[in-house]
1. Being without any contact (Cβ under 8 Å) to a residue 24 or more places away in the chain and loosely packed, with under 13 Cβ neighbours inside 10 Å, is that true of even one residue in region A:3-13?
2. Which residue is nearest to residue A:10 (Cα to Cα), if the candidates are limited to region A:28-49 and must be buried (at least 16 other Cβ atoms within 10 Å of the Cβ) and within 14 Å of chain B (Cβ to nearest Cβ)?
3. Just the residues that are under 9 Å from the mean Cα position of the chain (by Cα) and not in a helix (DSSP H, G or I), please, taken from region B:1-53.
4. Looking at (1) closer than 30 Å to residue A:31 by Cβ; (2) surrounded by fewer than 15 Cβ atoms within 10 Å (Cβ to Cβ), which is the only condition residue B:21 fails?
5. Identify the single condition in (1) touching a helix residue (DSSP H, G or I) at 6+ places or on another chain (Cβ under 9 Å); (2) loosely packed, with under 14 Cβ neighbours inside 10 Å; (3) on the phi > 0 side of the Ramachandran plot that residue A:68 does not satisfy, given that it satisfies every other one.
6. Sort out which residues of region B:26-42 are touching a residue at least 24 places away in the same chain (Cβ under 8 Å) and either in contact with a strand residue (DSSP E or B) (Cβ under 9 Å, 6 or more places away or on another chain) or under 25 Å from residue A:28 (Cβ atoms) (or both), and write them in order of number.
7. For region A:15-27, name all the residues that are farther than 13 Å from residue B:2 by Cβ and more than 8 Å from chain B (Cβ to nearest Cβ).
């Protein structure tokens, strides 16, 4: 299983990306965890370390993919 | 089957997104077509109509998801 982490902040762009996109990953290969950085600020540093600059973003195998633009990670601190 | 179209221009960011991301979609539900807009300029208008502003982008069910940033679609014309 490949670990994928979807970082978001509950914003409309985030919700759309989660519903249309994070759920589209192949469940046979990917285990997707969804992290709300607004509610779980303790994980912002983890997201930043993975290279996440804005949400929504999906980190697959340590590579960050920013999906459209909802909010800067700096605005979530 | 849900149709997903991955628009790219062969750029490094595009290749990374295609390998790490477009191939991650659930093959049971999604049929992914990959379109190189640099080589297939006739389809730029189709991408723009779907709301694509930059590549790489994945259009799922008429919703555009821009993945990181490789190039503006205007620079491909």
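1. The initial filter retains those residues of region A:3-13 that are without any contact (Cβ under 8 Å) to a residue 24 or more places away in the chain, namely none.
Looking through region A:3-13, none of the residues is without any contact (Cβ under 8 Å) to a residue 24 or more places away in the chain and loosely packed, with under 13 Cβ neighbours inside 10 Å.
2. Ranking the qualifying residues of region A:28-49, first place goes to A:32.
3. Across region B:1-53, the qualifying residues are B:4, B:5, B:6, B:7, B:8, B:9, B:33, B:34, B:35, B:36, B:37, B:52.
4. (2)
5. (2)
6. If the condition is that a residue be touching a residue at least 24 places away in the same chain (Cβ under 8 Å) and either in contact with a strand residue (DSSP E or B) (Cβ under 9 Å, 6 or more places away or on another chain) or under 25 Å from residue A:28 (Cβ atoms) (or both), then B:29, B:30, B:31, B:32, B:33, B:34, B:35, B:36, B:37, B:38 are the ones that fit.
7. Of everything in region A:15-27, those that are farther than 13 Å from residue B:2 by Cβ and more than 8 Å from chain B (Cβ to nearest Cβ) turn out to be A:15, A:18, A:22.
Computed from the coordinates by the stated procedures, all read-outs in this text should not be read as laboratory data. What you see is a predicted model; the values in this text were computed from it and never measured. Heads up, the Cβs are rebuilt from the backbone with ideal geometry, glycines too, and the neighbour counts pull from every protein chain shown.
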